[in-house]
């Protein structure tokens, strides 16, 4: 069982994966799931970049089936980028589908990075100004509206979109200490996030 702050079913995660990754359902266990994060590599503020990386590590670690505490204490097996491409940096993380389980953690990282900006502004600015439950409802609504506006997940059933919104909002609440720095980084340096499948052995360098 994952340590994510809100439950998201494996069916929803796989529905998301099928919606954003062509031929995901046809890929075999030897295929490799690739997460690509593009960032502007000029004027990188170290503390903001570090907060962005810490957020990714936390989401990935909590999405694993093992408790987050064991992930945090282990010496190996943490989230890692396999390589970076030149230009505007493209940071690449990979995981064999056969090792990813029913809810691939990289898909959950994609979800958070894709939709966190919808909640991050109001939460970080208003966390101490608005009653928490009311703010959470407003953020979930904002995330659902953003999902409905995007091509990737607009066709998901309303119940699944609501589950995604609950997860993203819960991550924002759990990581509220990081949010001011993450917000600055995503405004100034974050460009995009995508996911795709490649065959094992194909050249990705």
Just name the residue that is modelled with the lowest pLDDT out of those in the range 171-205 that are part of a strand (DSSP E or B) and over 14 Å from residue 51 (Cβ atoms). 198
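Being farther than 17 Å from residue 171 by Cα and in contact with a helix residue (DSSP H, G or I) (Cβ under 6 Å, 6 or more places away or on another chain) narrows it down to one residue among 35, 97; which is it?
Details: 97 fails: in contact with a helix residue (DSSP H, G or I) (Cβ under 6 Å, 6 or more places away or on another chain).
When all the criteria are applied, what remains is 35.
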Read through the list (1) at positive phi; (2) at pLDDT 95 or above, then give the number of the only condition that residue 109 fails. (1)
Contacts under 7 angstrom Cβ, first residue in the range 7-23 being exposed (fewer than 15 other Cβ atoms within 10 Å of the Cβ), partner at pLDDT below 95 and assigned to a loop (DSSP other than H, G, I, E, B), 6 or more apart: 10/102; 10/103
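If you check 15, 36, 70, which single one turns out to be at negative phi and not in a helix (DSSP H, G or I)?
Details: 15 fails: not in a helix (DSSP H, G or I); 70 fails: not in a helix (DSSP H, G or I).
The match here is 36.
What residue, among those in the range 32-47 that are surrounded by fewer than 20 Cβ atoms within 10 Å (Cβ to Cβ) and modelled with pLDDT of 95 or more, is farthest from residue 178 (Cα to Cα)? Can you show your working first?
We begin by selecting, within the range 32-47, every residue surrounded by fewer than 20 Cβ atoms within 10 Å (Cβ to Cβ); these are 34, 36, 38, 40-47.
Restricting the remaining residues to those that are modelled with pLDDT of 95 or more gives 34, 36, 38, 45-47.
Working: 34: 25, 36: 22, 38: 20, 45: 14, 46: 13, 47: 10 Å.
Going through the qualifying residues, I end up with 34.
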So residue 57, is it out of contact with any strand residue (DSSP E or B) (no Cβ under 6 Å at 6 or more places or on another chain) and either outside any helix (DSSP H, G or I) or modelled with pLDDT under 90 (or both): no
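The values are calculated or read from the model by the stated rules, or taken from the named source; none is laboratory data. From a predicted model like this one, the values you see are computed outputs, not experimental measurements. Here Cβ is always computed from backbone atoms with ideal geometry, including for glycine, and neighbour counts include all displayed protein chains.
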